[in-house]
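Below you'll find the structure, written out as structure tokens, and then a few comments.
The values are calculated or read from the model by the stated rules, or taken from the named source; none is laboratory data. Given the structure is predicted, the values throughout are model-derived calculations rather than measurements. Cβ coordinates were reconstructed from backbone atoms using ideal geometry, including for glycine residues, and neighbour counts include every protein chain displayed.
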Amino acid sequence: MELNNTWRKTAATIYEKPRDSKMLGQVEVDITDVEKFIAYKRKQGVRITITHYLAYVVSQTVAKVPQLNCYINRGKVYQRERVDANVSVLMGEQMGTVIVKDADKLSIDEFATEIGKKIERAKARMNDTQAKNKNLLSKIPWPFRKWFFNFVRWTSHDLGIVLPGIGIKPDAFGSFIISNIGTLGLDIGYGALMPPSNLAFVLFLGKAKKKPVVVNDKIEIRNMLPLSCVLDHRIVDGSHGGMLFRGVQDGFLNVFKNFNIDPQELE
């Protein structure tokens, strides 16, 4: 096992000690009905997962709460022009990402199909711009790569200048990032905002577990999924985090109603 691989060198460069701008939040959502919905969709030939569905719901929520779709530039908050969903995917031993553009304008079937195609292409390619940038940064000797990264971030975030071939555009990482850390064996966790992304929030899926839950004053065994969120307090407040989680709760608890499906059809 190589300790100082490409990503470790990159991570040591871009991540810093925690800062005051971070806010953390956590909820549990009942995914029992969504799992039935996913099984129903798969029978129709739609390849969809919990992560895909969550990314879709978050995209719809962000479109309704534009403050969640902003970024910082020259000390000011700016609105992104569209909602792009960024989903973290395990590719070999390292994490990669795929971005679905205009995600809020797609149907659930279109979203699942699009993200599936992008994941397959990303896994086959494995040498996209993101990977090249990681390799470029890791090849720069320490401590020069730290200075280089800070210079790029200063020019792109603070000055709004995009350096040819290197600069980070406001939409380079999408509107938000979703990562399923539950598949990696973690019950729940809080990841970093990742400074280059300049995102208002990142969202993480934990490990789903069956639990006794009160439903209509009766105790039922339901499959509960922990969600954790890290928000940039420079861009959003706690109220916006609450709006995000309420939108997610609605998307999971009212899945049949939202898609005009009779639950009996799924039996």
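Can you name the number of the only condition in (1) out of contact with any Phe, Trp or Tyr (no Cβ under 6 Å at 6 or more places or on another chain); (2) hydrophobic (A, V, I, L, M, F, W, C); (3) surrounded by 15 or more Cβ atoms within 10 Å (Cβ to Cβ) that CYS229 fails? In the conditions (1) out of contact with any Phe, Trp or Tyr (no Cβ under 6 Å at 6 or more places or on another chain); (2) hydrophobic (A, V, I, L, M, F, W, C); (3) surrounded by 15 or more Cβ atoms within 10 Å (Cβ to Cβ), CYS229 misses (1) alone. Of the numbered conditions (1) farther than 19 Å from VAL27 by Cβ; (2) modelled with pLDDT under 95, ASP232 fails exactly one; give the number of that condition. Unmet condition: (1). The stretch 158-235 holds strands (runs of 3 or more DSSP E) entirely within its bounds, and those carrying 1 or more residues that are under 13 Å from the mean Cα position of the chain (by Cα) and not acidic (Asp, Glu) map to 176-180, 201-205, 218-232. Pairing residues of the stretch 102-130 that are modelled with pLDDT of 90 or more with residues that are among the β-branched types (Val, Ile, Thr) and not in a helix (DSSP H, G or I), at Cβ distances under 6 Å and at least 6 apart in sequence or on separate chains, gives ALA103/VAL83; ASP104/VAL83; ASP109/VAL46; ALA112/VAL46; ALA112/ILE48; GLU114/VAL100; ILE115/VAL100; LYS118/VAL98.
Go through the stretch 191-226 residue by residue and tally those that are over 14 Å from LEU24 (Cβ atoms), out of contact with any helix residue (DSSP H, G or I) (no Cβ under 8 Å at 6 or more places or on another chain) and surrounded by fewer than 17 Cβ atoms within 10 Å (Cβ to Cβ). Selection size over the stretch 191-226: 13. Within the stretch 62-82, the residues that satisfy the criterion of being in contact (Cβ under 8 Å) with a residue 60 or more places away in the chain, closer than 30 Å to ASN258 by Cα, out of contact with any Lys or Arg (no Cβ under 8 Å at 6 or more places or on another chain) and of a type outside the set (Asp, Glu) are VAL62, LYS64, VAL65, GLN67, LEU68, ARG80.
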